[in-house]
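One structure is given here, and the rest of the page talks about it.
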Amino acid sequence: MTEPISLQPDETFVLNVGPQHPATHGVLRVKMTMDGEYIYNAETVLGYIHRMHEKMAENRTYPQFMPNMGRLDYLSAMAFNHGYALVVERACGIEVPERAEYIRVITVELNRISSHLVWLGAYVLDLGGFTPLMYCFDDREQILDLLESVTGSRLTYCYFRFGGLYNDIDDDFISGTRAFIKRMRKELKMYAKLVTGNIILMRRLKDHGPVDQDMCQRYGATGPVARGSGINYDVRRNEPYSVYPEFDFEVPVYGECDSYARYLVRMDEMEQSLRIIEQALDKLPDGPVNPKKKPKLIKPPPGDYFAAVETARGNFGIRMVSDGSKNAYRLKLRSPTYSNMHLFDEACRGMLIADALAFMGSLDLVIPEMDR
Amino acid sequence: MALLSIHQYLTTYLVFGAMLFSLGVYGLVTRKTLIGMLIAAELMLAGVSINFMSFNRFLAPDPSVGQIFTLFIMAIAAAEAAIGLSIVVAVYRQFKTVDAEELVNLKG
Amino acid sequence: MKIQEKTKEALSTLFADLPPSEPEPDDAEEGEKKPVPRGNGIIEQDYLLKGFHLDVQLESEQLLEAVQIIFDLGYYLESITGVDWIKDDQLEVVYDFSRYDFDLCRTVLRTRLPRSAPQLPSITPIYTGASWHERETHDFFGIIFDGHPHLVPLLLPEDADFHPLLKDFKA
Amino acid sequence: MGGYFTDLISGTKSLLDGMWVTLKEFPRRPVTLNYPHESVKMYRRFRGHIELIGDEEGKPNCIVCSMCQRACPSGCISLGGVKPEGSKKKVLTSYILDFTTCSLCGSCVESCNFNALQFSNEYNLASTRKEDFIMDLLKRLEEQNQ
Amino acid sequence: MSLTLFNVVLAVFIAICFVGANAAYLVWCERKGAGLFQRRPGPMENGPWGLLQPPIDGLKLMTKQLLIPGGVDKAIFMVAPVLAMFPALISFVTIPFSNSIVAHPIDVGVLMIFAFAALGSMSLLVAGWGSRNKYSMISSVRAVSQTVAYEIPLMITTITIVMISGSLNLGDIVQSQLGGFWHWNIWPLQKQVGFNLLMPISFLILFVCSVAETNRAPFDLGEAESELVAGFHTEYSSMGFGLFFMGEYANIVIGACLTVILFLGGWSCPIGDLGFFPFTHNVGWFLLKIYLIIFVFIWIRWTFPRTTIYGLLNLSWKYLIPISLFNLLLTAGLLKVF
Amino acid sequence: MGTKDVPPSIDTIPSSFVQFAIADKVIALGRANSLWPLTFGIACCAIEMMCTGAARFDLSRFGAEVFRPSPRQSDLMIVAGTISNKMAPGIKTLYDQMPEPKWVIALGNCAISGGPFVFEGQYGIVEGADKFLPVDVYVPGCPPRPEALIEGIIELEHKITGWRRWPKVKPEWRESGSDES
Amino acid sequence: MTPVPPPTLFSADGMVGLVFLIMIGVTLTGGIIAATAERLIRALSGIVICFTGVAGFYYFLNSPFMAMMQILIYVGAICVTISFAIMLAAPEEKLKKSPTNLLSGPIGFMIAALIFAAMTMLALKTDWQASAKIASGSVREIGIHLLTTYSMVFELISIVLLIAIIGSIVIARGGRN
């Protein structure tokens, strides 16, 4: 609970971690009340990169708001685009061609891998190892090249359109992706040797950063954080959308509730994403990527709509309230790290600062998505 | 240039040892905290050690006796520091101060 | 029994004293311009169309009771948000709940408050994670959550006294 | 006690494994692209800032329908046109792109029905002056034609 | 006596030059090495292979504004960087670079290195405390407790070697390992102790301890970037920071020298003095060995994540100290037997 | 504030003697080739900043990869992302904590002018870093490619020394049917 | 003590003398800081400087072993311990003056000056009989003596240290809840 620190017991002092701190991945600020190196209390201060996305949604038309989704979570922009496309398509009743769905899945999963790679690199950087970051970014560049050849940008893709896609993929992309899958499998083995098996890393992560199931429920933690606590919850499985039901993949779940479990979940997820991409490439149907009758004006009927997708960080939900005009009446973005980070306050009590920052890294934060 | 050869005379070292010792005494009297007193005491010990070492160099019939004595002093100093500081920490935990004058309830 | 029915049954105890005709069919939302805001009650929505299953509107006094029921059934809190119905001179607070297991049922609790006195009991004692969501809603809409332990701006600067998502907000 | 030694041995082994991985990378050729000396060619779909497409004579295809202006989410396009005497079509007189607020979403190119806009491949812009990025695309087109 | 002291002064001067050049170019080596371990070329553009990078950095650091933040303890703040550099310089005086090149072959060379290393750890403490910055303070506490924890196994291991060689003089320790690499102390088979299987492990302990002593990754808790910003030198700018930076590398050279002298035969030629080459024992071998060790330092730094303070203390108290103590006893017993 | 063609710190040193002028040039050269940035990413552009430092683009070739976490030791602040009203004082403080001479690169459209987040009635962001910082080099894009950041650093070196070491790269299109993945 | 002609500054001996003078200065400065500084951390730095200087004296007294031990033990162990205590317990000395404190300065100065005067007189007035043997300063000799003639001292040192370790552990643990 975020009780205000009204009375400071003796011998504690307040340590301001952030807004500029190498470990906070951006501009998060955590006011830690410390007793020596032990954390007595931590209060997170958000809003250093509050970019008014929800206000903008009310000012812009539905297609105009699409680029914002890429800025929300710049690491897995595709999944966020997907979520927004889903909710608008649901509201307007737009059918998506099958080929487009498959390409969506391929790009989203590629993006998920690239997001996890950034996380892996940055996480090991948090733990003090620098080299894995470089390897991760090298692998990630391969994905970025692939996605750039399709979407035209490296990071903040604006690739999905209501009912379809910006444009089709070509054969180069397909062969490139297959080559990437081969390469990535080898690299994952390398990471297992370099990072996963490392005794220093294991000692730092195992049995540190406890997040149990009850805490997940109370805070609404989703994604790898919940799955690292033994909760078998993945929106792709529990609430199938797009063409996910047609793929054979596993949802990695570890019950140890510690940072290492969350770490392993993400490492396994990369492998599963590779599997999904492989299957999607095999099954990729021919056909158009946009509906025959491209919707000209997006004006959903009045009412509430909701859609959730599984991003790299967890359950991203959009609640859209339409009043029948060109702009959304209210667009609520339910960001996964917002809930995931919230439990940091409670979970980090009594930890050493080094462990707390390792724990924070295992939550995989993207601050602009929290602040919106 | 006579000053440049004073390092060859015993008196230099003795006077110097006395200087450090009296500095230590001054510190011991004026310091208010236990740790400050400890530092001053270490200073006194250093003064004494210099005396031993200079006697060892210039006077002793058996040239390692002073060094061994100084070693002994070092051991004592280390022990003193360890014990003294653990007392300081314990006292601080108990009374939240290390000001020697405020620790009147220490007796008894 | 499917969780959807179970939840519906548990929640319908809250509306026992309502006249039976009140829960309207879901076409209430479909109407182009609905003259009267819908009344309290449970509506089962078409998931494929709306994205959620149960839509419950209740009085602000019933909120804590309903949230407790939801909590006991094992739901997790997805989000809390507000909607400014300026034409009705009302603020709506929407609670989204979802489940971790495969028995999917998204439940929405909503309650309406007068714009002049937006006060609501805080559900932080039940769902600890509601704290930030409530602070955020307070930031954006100025809704005051009674019993919240630390209701200060979260996303806006500490000294902010404006509520940007209100429809009559001007920068 | 058994755990003591197995920990020691497995721990040391994991460390050596890791060192072997990095050592193998050591003699390899760097993957670095030596930027100012060599450069990557842009994909055809690369989205730089927009520029006008001219016809054979170098006149812009644009007919000043303002669709791009309307589609732009951040309002970074402003264009002006006049209708000369006796002509049915408007003629573009200025097309100002404020690249500093552009989000490179591509809405403008998509909304253009007259094949008048395309993305450029300028991926390495940098300047000491902010004003350099408020571009007069019409002037650019003229410069290109020369 | 008087001449030796004059020698010392001269030697300190030479040591400053050597250490300065070494520290500067070790920074280059580190950056280059980091690059190569990470699939990139490292400094390239300034001079051939970026060789001009260290003087350029030095020039920049020297001409940068020296900020003394408000609220710091000025005297202490200024003294600390000097204190970080100075002990490392002094320690060089006693390092034997070959059988003839040694500035001041003091009888207690081993002790001297430890004594000045202790002085060096004071600098971290003083810097962290003087900065009046919470991160710096935490860092200085960490750095000191780390130093204390690692000096014990380091010394115990050194005492083992001293017992075998029968001297505290670094030159004598090297002398006792002459005659080919199979005489080095790293091998279990020794003429003085017969067969002691723990010697290679002892070498590892010494190596780990010297990594920890120099505050290098994976033991760089003092300047743990992701936790404590920049640790004890968070508040230092310009040359103050430069001195800390150089001091770190000077300490690395000292650590490498110690490792080489104690276990790898110092300046001795690995294949022994076979007689066909005139200068088999020379400074070249010594430099080759220390740079090899420094390469391993760099290699380790760019491979592993950082440990935590308790992991570090655990390692020291659970593994290093017991094993080194056991080795000490074993060696003593073996010395008695043989 | 705003842009000047020569950084003030070099400009103000009197250069009456020829020797001084040479020394100035050498010092400027030293500064230009050893720009240590502050580890400070705000949003999307920070990821591209990391990419620039990473193996594919490798900022270290220019001696600029030493990302210092403490402002006291850095020469260059790369403002990589949207500056919110809440963050602006913090950035100003960080800038003030950096020792002279110091430079600022505004990376990405958000840092230049607020980028896509500028709209009528916005309440949360500062429209451009140059509203409160003397920005030296602007690198537009949303986000800019890593090459653009390298170009920005080259441009900054140009500004510091008055001499452009590397020629400007002319962008080219890839032939369709690409040869490289 | 055989009187030798004083050396000139620019000879090897002169340099040595100069180094000695500098050392006296450093040591005294350190000692004065240690005894008078208001902040404990400064006193600690003072004592570090002072001890380093004292180690230099030992070096001049032909005993490099003791010099190194001085730095190793005093600086490396004792000062570090004291610094821990400062960090753990007493961030600042209070600057308030109580009546007794007002007097303690002059009184302390008087006592110190008296002691200094007496001891200096003693040192100057006594006719010291120089010994013929001069310590070689070798570690071997100390070691042999320590383990034969003065083995009792050796035992005592170890016992004292052991007791100190146990005692400090007991005391410090006792305070913890």
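The values are calculated or read from the model by the stated rules, or taken from the named source; none is laboratory data. Fair warning: this is a prediction, and the values are worked out from it, not measured in the lab. Here the Cβ positions follow ideal geometry from the backbone for every residue, glycine too, while neighbour counts run over all protein chains shown.
Points to keep in mind about this one:
- Residue B:46 under 16 Å from residue G:74 (Cβ atoms), in contact with a Gly (Cβ under 8 Å, 6 or more places away or on another chain) and surrounded by fewer than 22 Cβ atoms within 10 Å (Cβ to Cβ): no
- Residue in segment C:86-100 that is nearest to residue C:3 (Cα to Cα), counting only those that are in contact (Cβ under 8 Å) with a residue 40 or more places away in the chain and surrounded by fewer than 19 Cβ atoms within 10 Å (Cβ to Cβ): C:90
- So residue A:108, is it within 23 Å of residue A:288 (Cα to Cα) and out of contact with any strand residue (DSSP E or B) (no Cβ under 7 Å at 6 or more places or on another chain): yes
- Only residues that are touching a His at 6+ places or on another chain (Cβ under 9 Å) and within 16 Å of residue F:35 (Cα to Cα) were counted in segment F:57-113, giving 4.
- The conditions of being buried (at least 20 other Cβ atoms within 10 Å of the Cβ) and at pLDDT below 80 are met by residue B:89.
- Looking only at segment A:262-315, and only at residues there that are within 14 Å of chain C (Cβ to nearest Cβ) and of a type in the set (Asp, Glu), the one that is farthest from residue A:335 (Cα to Cα): A:304
- Scanning segment A:105-147 for residues that are part of a helix (DSSP H, G or I), among the small types (Gly, Ala, Ser) and more than 27 Å from residue A:246 (Cα to Cα) returns A:121, A:122.
- Breaking point among (1) closer than 27 Å to residue A:42 by Cβ; (2) aliphatic (A, V, I, L, M); (3) at the interface with chain C (Cβ under 9 Å from one of its Cβ atoms), for residue A:318: (1)
- Check on residue A:221, buried (at least 24 other Cβ atoms within 10 Å of the Cβ), among the small types (Gly, Ala, Ser), within 14 Å of chain C (Cβ to nearest Cβ) and outside any loop (DSSP other than H, G, I, E, B): no
- Screening F:75, F:96 for residues that are free of Cβ contacts under 8 Å to residues at least 40 places away in the same chain and in contact with a Pro (Cβ under 9 Å, 6 or more places away or on another chain) leaves exactly one candidate, F:96.
- Residue count for segment G:47-80, restricted to those that are assigned to a helix (DSSP H, G or I), facing chain E (nearest Cβ under 10 Å) and touching a helix residue (DSSP H, G or I) at 6+ places or on another chain (Cβ under 7 Å): 22
- You will find that of E:137, E:122, the residue that is in a helix (DSSP H, G or I), free of Cβ contacts under 8 Å to residues at least 12 places away in the same chain, closer than 19 Å to residue G:81 by Cβ and more than 13 Å from the chain's Cα centre (by Cα) is E:137 and no other.
- The lone exception for residue E:295 - which of (1) at pLDDT below 80; (2) within 14 Å of another protein chain (Cβ to nearest Cβ) it fails: (1)
- Candidates A:120, A:127 - the one that is hydrophobic (A, V, I, L, M, F, W, C), surrounded by 24 or more Cβ atoms within 10 Å (Cβ to Cβ) and in contact with a Cys (Cβ under 8 Å, 6 or more places away or on another chain): A:120
- The residue pairs whose first member lies in segment A:186-205 and is part of a helix (DSSP H, G or I), whose second member is of a type in the set (Val, Ile, Thr), and whose beta carbons are closer than 7 Å, counting only pairs six or more residues apart or on different chains, are A:190/D:21; A:193/D:21; A:194/D:21; A:195/A:124; A:200/E:307; A:201/A:195; A:204/E:308.
- Out of E:213, E:225, sole residue that is buried (at least 21 other Cβ atoms within 10 Å of the Cβ), within 28 Å of residue E:142 (Cβ to Cβ), at pLDDT below 80 and not aromatic (Phe, Trp, Tyr): E:225
- Residues that are modelled with pLDDT under 80 and either of a type in the set (Ser, Thr, Tyr) or surrounded by 12 or more Cβ atoms within 10 Å (Cβ to Cβ) (or both), drawn from segment G:109-129: G:123, G:126, G:128
- For segment A:148-177, a residue qualifies if it is assigned to a helix (DSSP H, G or I), at the interface with another protein chain (Cβ under 10 Å from one of its Cβ atoms) and in contact with a helix residue (DSSP H, G or I) (Cβ under 8 Å, 6 or more places away or on another chain), and the qualifying residues are A:149, A:150, A:151, A:172, A:173, A:176, A:177.
- With respect to (1) touching a His at 6+ places or on another chain (Cβ under 7 Å); (2) closer than 21 Å to residue G:140 by Cβ; (3) more than 14 Å from chain G (Cβ to nearest Cβ), the lone exception for residue E:94 is condition (3).
- Only one of A:123, A:48, A:40 that is under 26 Å from residue A:19 (Cβ atoms), in contact (Cβ under 8 Å) with a residue 40 or more places away in the chain and out of contact with any helix residue (DSSP H, G or I) (no Cβ under 9 Å at 6 or more places or on another chain): A:40
- Considering residues of segment A:89-99 that are surrounded by fewer than 24 Cβ atoms within 10 Å (Cβ to Cβ) and not in a loop (DSSP other than H, G, I, E, B) only, the residue nearest to the other protein chains (Cβ to nearest Cβ): A:90
- Scan of segment E:57-82 for residues that are part of a helix (DSSP H, G or I), farther than 12 Å from residue E:27 by Cα and within 13 Å of chain F (Cβ to nearest Cβ), ordered by number: E:59, E:60, E:61, E:62, E:77, E:81
- Single condition residue E:153 does not satisfy, out of (1) out of contact with any Cys (no Cβ under 6 Å at 6 or more places or on another chain); (2) away from chain A (no Cβ under 14 Å): (1)
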